[in-house]
Each structure stands twice: as C-alpha cells, then as structure tokens.
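The values are calculated or read from the model by the stated rules, or taken from the named source; none is laboratory data. Everything quoted here is computed from the prediction, not taken from an experiment. Positions of Cβ are backbone-derived with ideal geometry, glycine not excepted, and every protein chain shown enters the neighbour counts. Side chains included, ligands, DNA and RNA excluded: accessible areas come from the protein's heavy atoms. Shrake-Rupley method; radii C 1.70, N 1.55, O 1.52, S 1.80 Å.
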Amino acid sequence: MRIMVTGGAGFIGSALVRYLIEDTPHLVLNFDKLTYAGSLSTVACVADNIRHRFVHGDICDANAVRAAMQDFSPNVVVHLAAETHVDRSIDGPEAFVRTNVVGTLNLLSEACRYWSMLDADARAAFRLHHVSTDEVFGSLGNTGLFSEQTSYDPRSPYSASKAGADHLVSAWGHTFGLPVLITNCSNNYGPYHFPEKLIPLMIVRALAGEDLPVYGAGNRVRDWLYVEDHVRALCAVLERGQVGRTYNVGGGNEKRNIDVVQMVCALLDELRPRSDGRSYALQIRHVIDRPRHDLRYAIDAGRIGAELCWAPRESFETGLRKTVRWYLQNERWWQSIIADREADRRRGLAA
Ligand SMILES: NC(=O)c1ccc[n+]([C@@H]2O[C@H](COP(=O)([O-])OP(=O)(O)OC[C@H]3O[C@@H](n4cnc5c(N)ncnc54)[C@H](O)[C@@H]3O)[C@@H](O)[C@H]2O)c1
C-alpha cells in the first residue's frame with residue numbers, strides 16, 4: 001500500500017512510520033508541519049529508506065495537501081496531525097481549532113477531491129483513517145467504560161476540537177461516501193514521547209533532581225497503552241476495519257496518576273539509583289490541579305478485539321520498563337528537545 005501519514009514526525013505518528021518501514025513492505029509519505037511537538041529525529045532511523053518520503057507541510061494548506069496527494073497517490077491516509085497537549089489547549093485554544101478542526105476539514109475536502117478522481121477499484125480500496133482520543137467521551141465516574149456507543153461529551157478545548165474533527169470525518173463518510181475509519185484511543189506512552197506529557201516529564205525531571213509535579217491529589221485515572229500496541233491496532237483497522245466504523249482502543253491498564261509516578265520512581269530507583277541511595281519518590285510534589293480535570297477514562301476495547309483480533313501485547317509493567325530504559329539510553333534526544341522547546345514549563349492553569 002501507499003500510505004500517507006499526517007503527523008508522522010510526532011510521538012504516535014513516528015512510531016507508525018517506523019513500524020510501516022521496518023516491518024511491512026508499504027510505502028510511506030510522512031506529511032508533517034514540524035510544530036514544537038514534531039521532530040525529524042523521531043524518524044531518523046528510516047529517513048534514508050527509499051520507501052519513506054517526507055513532506056514538510058501544513059494540513060491547513062490546501063495546496064500543499066493537494067500536491068502531496070497528487071504526487072504520492074495514496075491508497076490510505078492515516079490522519080494523526082494535531083495539537084495534542086490539553087494544558088496548551090487551555091492557554092491557547094485557537095491553534096487547536098485551527099489544526100484539529102479546520103485542518104481536518106481541509107484534509108477531508110482534499111481527500112474527497114482526490115478520491116473522486118480515482119478509478120472505481122481504487123475508489124473502493126481507498127481509506128481515510130482518522131486517529132482520535134477517548135477524551136471525546138468526557139469523564140467517567142468510578143465505574144463504567146467508554147464504548148463505541150458512548151455519547152460525546154468533551155470537556156477541554158483539546159477534546160472538543162478532536163470531537164469536532166471526529167464528527168466531520170463521520171459526516172464526510174455519510175454525506176460524500178468517503179471511505180472513513182475512526183479510532184478513539186486511550187493514553188499512549190513509550191519512546192519519543194514529547195517530555196511535556198506525564199510519563200516522560202517525570203523521568204526527565206527525576207533524573208535532573210527536580211520536583212515531580214503531580215496535579216492535585218494524583219487520583220485522576222487513565223487507561224494506558226504502549227505506543228507500539230496502538231500502532232498494531234491502527235494497522236489492523238486500516239487493513240481490515242469495516243468502512244464507516246469506529247473502534248475504541250485501550251490497554252486495559254487503569255492507573256491513578258500518582259501510582260504511575262510512583263512506578264516510574266521505582267523503576268528509576270532500580271535502573272539508575274540516585275547518588276544518595278534514596279528514592280526518587282522523595283521528589284514528588286503535589287501541585288495545583290488542572291481546572292476541571294477529568295476524573296477517569298477507561299476503554300472497552302471489545303469490538304476491535306472481537307472483530308479484528310487485536311489485543312495489546314504489553315502490560316503496563318513491561319511497557320513502562322521498556323519506556324524508562326529507552327529514556328535512560330536516549331538522553332541526547334530529550335535533552336536537546338527540552339533545551340530548545342521549554343517542554344517542562346507548567347501550562348494550563350487558566351489563571
Ligand atoms: N498521545 C496520546 O496519548 C493519544 C491518544 C489518543 C489519540 N491521540 C491522537 O493521536 C494523534 C497523534 O498524537 P501524538 O501524541 O503523536 O501527538 P504529537 O503532539 O506528539 O504529534 C503531533 C504531530 O502533528 C504535527 N502537526 C501538528 N499540526 C500540524 C499541521 N497543522 N499540519 C501538519 N502536521 C501537524 C506535529 O508537528 C507533530 O509531529 C493526535 O491526533 C492525537 O489526538 C493521541
């Protein structure tokens with residue numbers, strides 16, 4: 001297949017690109033604006049492969065998207081390009097609406113134009129796969145799971161912009177017949193995660209001897225999925241998913257934030273002990289919470305399991321160990337990113 005990946009220099013997009021190049025025969029067009037969250041260093045290991053092509057482009061730029069589609073002739077577009085950090089969406093929602101809503105609209109219009117000019121067989125085989133989040137469903141209480149039937153109830157500017165994008169994708173499927181697929185996934189973690197997100201932020205701050213800021217009591221619950229398991233789910237959906245269908249993807253690993261941070265500290269205590277022999281957990285500090293921070297997200301991934309035989313391979317324990325090891329072995333990658341991009345500055349207090 002010829003697969004156009006938007007956002008392929010970001011955390012999940014780059015994991016998908018590396019997987020497609022290293023483990024499949026597919027050709028990849030990596031289309032990315034290289035915002036603060038994107039970096040070609042995430043795909044450096046496949047950059048010289050003739051099946052990988054990079055285009056520096058913005059999904060809001062119709063001409064750039066059109067030219068990329070015409071040049072590359074994709075059978076599949078996997079859409080991951082987005083603004084993704086909830087705290088930043090509180091400080092500056094406009095960029096989230098621009099990229100996540102207007103950019104998705106633009107991508108859909110251009111995909112529709114491109115698709116309508118294909119011959120009948122190519123039109124039938126074409127897929128546009130939109131990658132979204134479980135945050136569109138809002139917040140759960142102490143029980144229950146998000147299923148594909150759960151009503152949308154986004155609470156943050158980030159999740160509202162992703163919900164808008166999901167609805168547009170669905171509308172383009174219904175109204176124009178564009179063969180679309182949507183996945184809504186829980187929190188990912190793993191290598192090349194930008195160190196403003198919880199797990200990498202805790203690792204890099206712990207190693208620097210800094211405070212480990214836990215929002216509020218740390219009792220918010222998220223369902224964690226190792227990024228390579230997400231990538232395998234995306235491939236299962238784009239290869240075998242039913243057109244027009246939505247699939248929830250989750251790891252079945254519900255954890256409170258404070259427990260995640262404690263686990264990171266315990267792994268660092270084992271793999272890179274502090275010079276004074278005491279635990280990194282002593283660096284944990286409870287700080288003012290994110291405004292109206294959603295209490296709990298948890299995914300029922302039964303549909304993708306039953307219909308596409310997908311299941312995560314990593315438990316949270318094995319995936320987290322791999323992740324901590326990766327950050328210990330790749331300090332140069334994250335140190336340059338922190339220095340350049342103020343990754344660990346506190347944002348999103350809505351003061
Ligand atoms: N990280 C998670 O836990 C998670 C969970 C579920 C769903 N998702 C979704 O998966 C997708 C990827 O998430 P991520 O964590 O890899 O994000 P990320 O922030 O690490 O990467 C986003 C990428 O998109 C690129 N980009 C941003 N705006 C662009 C634009 N206008 N045009 C072209 N490229 C642009 C950035 O340069 C970057 O490379 C997003 O759509 C996100 O909503 C993420």
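When the range 59-101 is examined, which residues are found to be in contact with a His (Cβ under 6 Å, 6 or more places away or on another chain) and basic (K, R)?
Hits for the range 59-101: nothing passes.
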Query raised in the report: Quick one: what pairs do we get from the range 239-252, first residue touching a residue at least 24 places away in the same chain (Cβ under 8 Å) and open to solvent by less than 10 Å² (accessible area, probe 1.4 Å), second of a type in the set (S, T, N, Q) and part of a loop (DSSP other than H, G, I, E, B), C-beta under 8 Å, 6+ apart or different chains?
Result: N248/S147; V249/S186; G250/S186
Report task. Search the range 79-96 for residues that are hydroxyl-bearing (S, T, Y) and pair each with any residue that is near the ligand (Cβ under 7 Å from one of its atoms) and open to solvent by 20 Å² or more (accessible area, probe 1.4 Å) when their beta-carbon atoms are under 6 Å apart and the residues are at least 6 apart or on different chains. Result -> none
Query raised in the report: Among the residues of the range 217-224, is there at least one that is surrounded by fewer than 22 Cβ atoms within 10 Å (Cβ to Cβ), on the phi > 0 side of the Ramachandran plot and in contact with a strand residue (DSSP E or B) (Cβ under 8 Å, 6 or more places away or on another chain)?
Result: yes
Query raised in the report: For E22, which of the numbered conditions (1) closer than 18 Å to L234 by Cα; (2) part of a strand (DSSP E or B) fails to hold?
Result: (2)
Query raised in the report: Any idea which of G103, G38 is more than 22 Å from H193 (Cα to Cα), open to solvent by less than 10 Å² (accessible area, probe 1.4 Å) and not aliphatic (A, V, I, L, M)?
Result: G103
Query raised in the report: Among the helices (runs of 4 or more DSSP H) contained in the range 37-140, which hold 1 or more residues that are under 23 Å from the mean Cα position of the chain (by Cα) and within 12 Å of the ligand (Cβ to nearest atom)?
Result: 62-72, 86-91, 93-96, 104-116
Query - In the range 230-259, the residues that are part of a helix (DSSP H, G or I) and among the polar types (S, T, N, Q) - result: N257
**Report entry** Residues of the range 291-350 satisfying the condition of being among the aliphatic types (A, V, I, L, M) and buried (at least 16 other Cβ atoms within 10 Å of the Cβ)
**Finding:** A298, I299, A301, I304, L308, L320, V324, I337, I338, A343
Requested in this report: Could you tell me which numbered condition L181 fails, if it satisfies all but one of (1) of a type outside the set (G, A, S); (2) in contact with a helix residue (DSSP H, G or I) (Cβ under 7 Å, 6 or more places away or on another chain); (3) open to solvent by 10 Å² or more (accessible area, probe 1.4 Å); (4) under 18 Å from Q242 (Cα atoms)?
Outcome: (3)
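Can you find even one residue in the range 2-15 that is among the basic types (K, R) and away from the ligand (no atom under 15 Å from the Cβ)?
The answer is yes, given that some residue of the range 2-15 is among the basic types (K, R) and away from the ligand (no atom under 15 Å from the Cβ).
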Query raised in the report: When the range 187-197 is examined, which residues are found to be at pLDDT 95 or above and either open to solvent by 40 Å² or more (accessible area, probe 1.4 Å) or within 10 Å of the ligand (Cβ to nearest atom) (or both)?
Result: N187, N188, Y189, G190, Y192, H193
Report task. Specify which of the listed residues (D58, D32) is surrounded by fewer than 22 Cβ atoms within 10 Å (Cβ to Cβ), touching a residue at least 24 places away in the same chain (Cβ under 8 Å) and on the phi < 0 side of the Ramachandran plot. Result -> D58
Query raised in the report: When you look at V260, is it in contact with a strand residue (DSSP E or B) (Cβ under 8 Å, 6 or more places away or on another chain), more than 24 Å from T24 (Cα to Cα) and surrounded by 22 or more Cβ atoms within 10 Å (Cβ to Cβ), yes or no?
Result: yes
